[in-house]
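Read the structure below first, then the notes.
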Amino acid sequence: MLVRRLEDLLDKKVTKKVDAAVVVPVFDENCPKLVMIKRSKGLNRSAGHIAFPGGMIENGENEVEAALREFEEELGINPDCVDVLGFLRPREVHEYRIMICPVVGMIRTLEFEPNSREVSKVLVDELRRVLKSRRVADWGPNFECAGQLVWGASSRVLDDLYLRIVKKYGSIDAFFKI
């Protein structure tokens, strides 16, 4: 079962202080899809970037609460439609010195209501295809999601997942073999 395999790879708690949280949304256990967004051009931070839905942690929130609140604000997905599986290693958005916590969650729907102020496009692609698109450039790892280049902090989040899978299963294909 893919959910169990994925859960086994993930951290159960966050061990570093973080400023923000994102959801790494996965849909459909049989043919897992990854959801990312293209951020609107008018935003103050990371405008036009391919990213995971998320944002800053507000007073009194933990990482999961912040990630799910932002997921709902950006894509209209009720937090009850997300099963949190665990965490990937926090990553820094270098240009802003913000530590983000990746919260991996299985989502139960692909019916989004994107907030056009924050999201210009929703990207959905097969998780296997995204992970197999990994390339390492001078600036670090990058991936492709629905034909869009993923780089920066989002690519480092994906690279953490990629490396965990390869370390435990030997290859991306072996992880997805049922």
Vicinal HN-Hα couplings computed from phi for region 89-101 (Karplus, 6.51 cos²θ - 1.76 cosθ + 1.60; Hz; Gly/Pro x):
5, x, 10, 9, 8, 3, 5, 10, 6, 10, 8, 10, 9
Evaluated at q = 0.15, 0.16 Å⁻¹: base-10 log I(q)/I(0), Debye formula over Cα of the chain
-0.80, -0.93
Say we join alpha carbon atoms closer than 10 Å with springs in a Gaussian network model of the chain; which of E95, E29, E70 then has the biggest fluctuation?
E95
Once amide H atoms are built 1.01 Å from N in the peptide plane, which residues 5 or more positions from V104, or in another chain, come under 5 Å H to H?
V24, L85, G86, F87, L88
Computed ³J(HN,Hα) along region 77-85: with the Karplus parameters 6.51/-1.76/1.60, θ = phi - 60°, integer Hz and x for glycine or proline, the list is 9, 4, x, 5, 8, 10, 9, 6, 9
Suppose we take every Cα in region 103-154 and form the convex hull; what volume per residue is that in Å³?
115 Å³
Ratio of Rg to Rh over region 1-94 (Cα coordinates, Kirkwood Rh, two decimals):
0.95
How would L110, L75, L123 line up from fewest to most surrounding beta-carbon atoms within 10 angstrom?
L110, L123, L75
Two pseudo-spin positions, 7 Å from Cα along C-beta at E58 and at T15, lie apart in nanometres by 3.1 nm
By count of other Cβ within 10 Å, fewest leading, how are M56, M99 ordered?
M56, M99
What is the order of D28, D80, fewest Cβ neighbours within 10 Å to most?
D80, D28
Expected output is a single nm value to one decimal: the length gained when fully extending between E29 and R5, i.e. 0.36 nm times separation in residues minus the C-alpha distance. What is it?
7.6 nm
Tell me the mean residue ellipticity at 222 nm calculated for the chain from its helices only (DSSP H runs of n ≥ 4, each -39500 (n - 2.57), averaged over every residue, nearest 500).
-8000 deg cm²/dmol
Could you pull out every one of the lysines with an alpha carbon less than 16 Å from that of K177, ignoring same-chain neighbours closer than 8 positions?
K33, K132, K167, K168
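None of the figures in this text is laboratory data; all of them are computed from the coordinates on show. Note that the structure is a prediction, hence the values are computed from the model and not measured. So basically every Cβ, Gly included, is an ideal-geometry build from the backbone, and we count neighbours across all protein chains shown.
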